[in-house]
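In what follows, a structure is listed as structure tokens, so that the remarks can point back to it.
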Amino acid sequence: MANQFDVTIIGTGPGGYVCAIRAAQLGLKVAVVEKRATHGGACLNVGCIPSKALLHASELYAGSKHSFARMGIRAETSIDFPRMMGFKQEAIDGNTKGVDFLLKKNKVTVFRGTGKIAGPGTVTVGNDTIETKNIVIATGSDAAKLKGIEMDEKQIVSSTGALMLEKVPASMAVIGAGVIGLELGSVYARLGAKVTVIEYLDRILPGMDLDAARNFQRILQKQGFAFRLSSKVTGAVKAKDKVTLAVEPAAGGAPEQIEAEVALVAVGRTPYTEGLGLDAAGVKLDNRGRVEVDDRFQTSVPGIHAIGDVIRGPMLAHKAEDEGIALAEILAGQAGHVNYGVIPGVVYTNPEVAAVGKTEEELKAEGADYKAGKFLFLANGRAKANQTTDGFVKVLADARTDRVLGVHIVGPMAGELIHEAAVLMEFGGSAEDLARTCHAHPTLSEAVKEAAMAVAGRAIHS
Ligand code: NAI
């Protein structure tokens, strides 16, 4: 019986392919099913990876326009957009080929096509039938749609279309001030587009620490972003070269019109469960369309599991990866586990925004007794040398035990700096542990140490 496996994983995004590799490492016979031509899911093909390539290229270009002269570098730079898109494609190809290699190396069998669950223990892919002890749903998510607005991926785009534009638009209206809107808005703002962000709430980056979000909004405004907060988009009309959005105050009132060459809809993502046959298999969804799972990732049907964007929790590639590893270990009889209290979140803009653990708002809502230590990059030697002094580090610690409960960073390399906080929190460390750990000088990381020192009111440089 050729098509018999211990585990069959539907979807080879970061959750699925990592689960497959870990399961194979543990001696299980593994199959994956993927309908895209390449592995890696939305993240590698139309998300994290291509957006980071464009963020990197556009940041260097913006640097050449705004920072080079100040540093004594004379350079004439201009944009070859098709070539920049080629650079982005190389990033995708390099990463997806890497996943191909890893799956082969780990002897994972790949089925190409749309996987359908025929019942516990059976998955069909076209004419193939796979018999399998366990099924893992790792089908990810898709861009959420906005009622009354049809995305043509040319003039009105989702993140997928925004990564494939043919030219830099003169103006871009971004609907939603979440991670996608601010990252892709940053790409096009740096390349010269006039970017207006329309957000339903009275703040940007919902879920992030409010203090950090407000600081970051001011920085983006200095970079030329325009924000229309507490506003909702209720319709869009397309003409040959422009899109006209109808925008109303969130609380109700007279609509106004905002015109842009391209509109980006970035109002969240929805779990992707289409065509899986979940209904017939008896797999339950929750009221937000997510596959319901228990703390061992089992769905309402024994033998059928789910991980990543398709279940509860933040829609983040690294959360999906960790769930993939934990589930593979559980299926191999080990004690796989994910610590949901310590999952970093990063916005890859310039400066970056990064967070781990609780926000001040969450601590206040819980009635927690906490202390905050804050340190501005303005007082950090390395940031001063580089003239990248926007932003701060904030450490939140339990007032009684000093245990670190959350760390929030707006600033240069925040997405890298956050991980010393994550490691500390994983070990249940205190602000004093962080403050007494020697940090090399001059580094941006010293700002993290100083913020930890500030928890006890003893920062040196502020
Ligand atoms: P999001 O949920 O982060 O933000 C969507 C925003 O749109 C919210 O602020 C919401 O209030 C607003 N909104 C909703 N309806 C609206 C309307 N009608 N008019 C105006 N504003 C409206 O979603 P986003 O940015 O689309 O990202 C989707 C998912 O992908 C998120 O879970 C995010 O964490 C993840 N992601 C993570 C990245 C990272 O880790 N760097 C990068 C990109 C995406």
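Counting the residues of segment 309-348 that are over 27 Å from L28 (Cα atoms), among the aromatic types (F, W, Y) and away from the ligand (no atom under 11 Å from the Cβ) gives 0.
Residues satisfying the criterion are present in segment 208-216 (criterion: surrounded by 15 or more Cβ atoms within 10 Å (Cβ to Cβ), within 11 Å of the ligand (Cβ to nearest atom) and within 21 Å of the chain's Cα centre (by Cα)). Among the residues making up segment 396-423, those that are of a type in the set (A, V, I, L, M, F, W, C) and more than 22 Å from the chain's Cα centre (by Cα) are L396, A397, A399, V404. Candidates in segment 409-434 are the residues that are out of contact with any Phe, Trp or Tyr (no Cβ under 8 Å at 6 or more places or on another chain) and open to solvent by less than 10 Å² (accessible area, probe 1.4 Å); of these, the one that is nearest to V347 (Cα to Cα) is A414. Counting only residues that are open to solvent by 10 Å² or more (accessible area, probe 1.4 Å), assigned to a helix (DSSP H, G or I) and within 13 Å of the ligand (Cβ to nearest atom), how many does segment 182-207 have? Of the residues in segment 182-207, 1 are open to solvent by 10 Å² or more (accessible area, probe 1.4 Å), assigned to a helix (DSSP H, G or I) and within 13 Å of the ligand (Cβ to nearest atom). For segment 264-288, filtering for residues that are within 14 Å of the ligand (Cβ to nearest atom) and either in a loop (DSSP other than H, G, I, E, B) or over 26 Å from L184 (Cα atoms) (or both) leaves 5.
State whether one or more residues within segment 219-229 are within 24 Å of V356 (Cα to Cα) and at pLDDT 95 or above. Yes, segment 219-229 contains at least one residue that is within 24 Å of V356 (Cα to Cα) and at pLDDT 95 or above. Restricting attention to segment 1-51, the residues that are within 15 Å of I330 (Cα to Cα) and in a strand (DSSP E or B) add up to 5.
The values are calculated or read from the model by the stated rules, or taken from the named source; none is laboratory data. Worth saying up front: this structure is predicted, and the values here are computed from it rather than measured. Using ideal geometry, Cβ is built from the backbone for each residue, glycine included, and neighbour counts are taken over all protein chains shown. All accessible areas refer to the heavy atoms of the entire protein, side chains included, with ligands and DNA or RNA removed. Shrake-Rupley method; radii C 1.70, N 1.55, O 1.52, S 1.80 Å.
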